[in-house]
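Student: Got a structure here, written out as structure tokens. Questions coming.
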Ligand SMILES: [Zn+2]
């Protein structure tokens, strides 16, 4: 599947050395090939929407200024979880949720966990559980992320779920503790939704769906179910609280519902293929989400020319939608028309209210691809500006390294390569390239200092 992933839906594999060396440099040594990690999705449109979903409930939870970051995980299962100041949400969660309200309900519930300090106490509880396999099984992928952050690599893979007596007891103790926290998070979520004038119907629908599929034999169990036990009693309490609100029957605004459907169209096309994406909107095959799914599906199946004409239909219908222009740029890049792609990316940048670094990096990439010397300098500036907005967008450093390479600036190309490895979590290669770059840079210059930061970096917990 990774061959299908374009920049607009770029996936970075943490610590899996997603970064290729620029052409002029020798290939880096093989990275931590054994590292087990999750893959994250970087996409301006999806990120903007999910942040909009989260913002009001986070503010209602008193977390508006806490710098909570939303991270998209490339995984078809239903899951959302919190580690530290990050809310992780699977693409599968967005795909399975019919309405914005369902996702907002899940985010409100997760905000309830953060505001309640559950993460911290859960850590302590899990420390007492001791057995990593129990932790990983109870938390699902959340434990794998916490594990990779603290250096316990391979944690997720070790979660074979084979319980001995002692492990089973530990698991029960964690689960019983969790039940209390789940009820608390539900109540907090209801409060946040009430404060923001939103319905808890979507949250109720989500947990009902999870409870139903849990009781069916042979149905795949999503990680969210493992970390969020939904006994009937919990559903009943939730329903009583949800129905008590005068907002219960309030629907999402149609414009928001449409953006939700476009995001589902994009995720379906990228992760499940052209046909599956089409089936998602078979009730309204002439609608904008269906055309969007078709355009992306056509693009991914390699027919860029037909995809351009499909995306142009959407651009004509909604000329101010930045993501249509971004996708047009993406398609034109594949079609080998970088100058026109650059124009589309520039339009997308101008229209994007969130000034996403991802779109700007796309613009820089297109400029670089024109092969014109004057565009190369501009490409470096745009890539740097995009990366200054989105410092952890690892793939962007690869383009920056290429642009520097084409300009013949070897030290800067090596430093960009080091940064790319660094933000992929591949610290060993990051240090190798930082050391190479530093040798060629004036002592104390900004590049030299950045290289020194990378060389000095010690990953937490190792
Ligand atoms: Zn929960």
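Student: Sort segment 58-107 into rounded, prolate or oblate with this rule: let a ≥ b ≥ c be the square roots of the eigenvalues of the Cα gyration tensor; rounded if a/c is under 1.5, and if a/c is not under 1.5, prolate when a/b is larger than b/c, oblate otherwise. Show your work: numbers first, answer last.
Tutor: Numbers: a/c = 3.04, a/b = 1.49, b/c = 2.04.
Oblate.
Student: Taking 0.36 nm per residue of separation and subtracting the Cα-Cα distance, what length does fully extending residue 66 through residue 184 add? Working shown, then result.
Tutor: Details: separation 118, 0.36 × 118 = 42.48 nm, distance 2.05 nm.
Gain on extension, residue 66 to residue 184, equals 40.4 nm.
Student: Here's another thing I want to ask about it. How many percent of all Cα-Cα pairs in segment 392-462 sit more than 20 Å apart? Let's see the in-between values first.
Tutor: On the way: 533 of 2485 pairs.
In whole percent, the long-distance tail amounts to 21.
Student: Can you tell me the order of 181-188, 443-450 when each peptide is scored by its average per-residue count of other Cβ atoms within 10 angstrom, highest first? Show your work: numbers first, answer last.
Tutor: Numbers: 181-188: 19.8, 443-450: 13.0.
Highest mean packing first, the order is 181-188, 443-450.
Student: Which order results if 53, 427, 292 are arranged by neighbouring Cβ count within 10 Å, fewest first? Write down the numbers at each step before the final one.
Tutor: Values: 53 25, 427 20, 292 28.
Listing 53, 427, 292 from fewest to most nearby Cβ atoms yields 427, 53, 292.
Student: Let me ask something additional. Once label points are set 7 Å from the Cα along Cα→Cβ at both residue 98 and residue 247, what is their separation, rounded to one decimal in nm?
Tutor: For residue 98 paired with residue 247, the spin-label model returns 2.1 nm.
Student: According to a simple spin-label model (label point 7 Å from Cα along Cα-to-Cβ), what is the distance in nm between residue 312 and residue 237?
Tutor: 5.9 nm
Student: Go through 247-258, 92-103 and give me the packing order, highest mean Cβ count within 10 Å leading. Each step should come with its number before you reach the end.
Tutor: Numbers: 247-258: 13.2, 92-103: 21.8.
Packing order, densest peptide first, comes out as 92-103, 247-258.
Student: Taking just the alpha-carbon atoms of segment 322-460, what radius of gyration and Dmax come out, in angstrom?
Tutor: Both quantities, over Cα of segment 322-460: 15.5, 45 Å.
Student: While we're here: What is the spin-label model distance, in nm, from residue 52 to residue 374 if the labels are put 7 Å beyond Cα along the C-beta direction?
Tutor: 3.8 nm
Student: When each pair of different Cα atoms in segment 368-417 is counted once in the 1/r mean, what is the Kirkwood radius in angstroms, to one decimal? Mind dumping the intermediate values first?
Tutor: Values: mean 1/r = 0.0944 Å⁻¹.
So the Kirkwood estimate lands at 10.6 Å.
Student: Would you mind checking segment 314-346 for residues with the amide N under 20 Å from a putative spin-label position 7 Å along Cα→C-beta of residue 305?
Tutor: 314, 328-341
Student: Using mean Cβ contacts within 10 Å as the protection proxy, how do 299-310, 194-205 order, highest first? Can you show the working numbers first?
Tutor: On the way: 299-310: 17.5, 194-205: 20.5.
Result, highest mean first: 194-205, 299-310.
Taken together, the values in this text are just the output of simple stated rules run on the coordinates, not laboratory data. A quick note: this is a predicted structure, and the numbers were derived from the prediction, not measured. Heads up, the Cβs are rebuilt from the backbone with ideal geometry, glycines too, and the neighbour counts pull from every protein chain shown.
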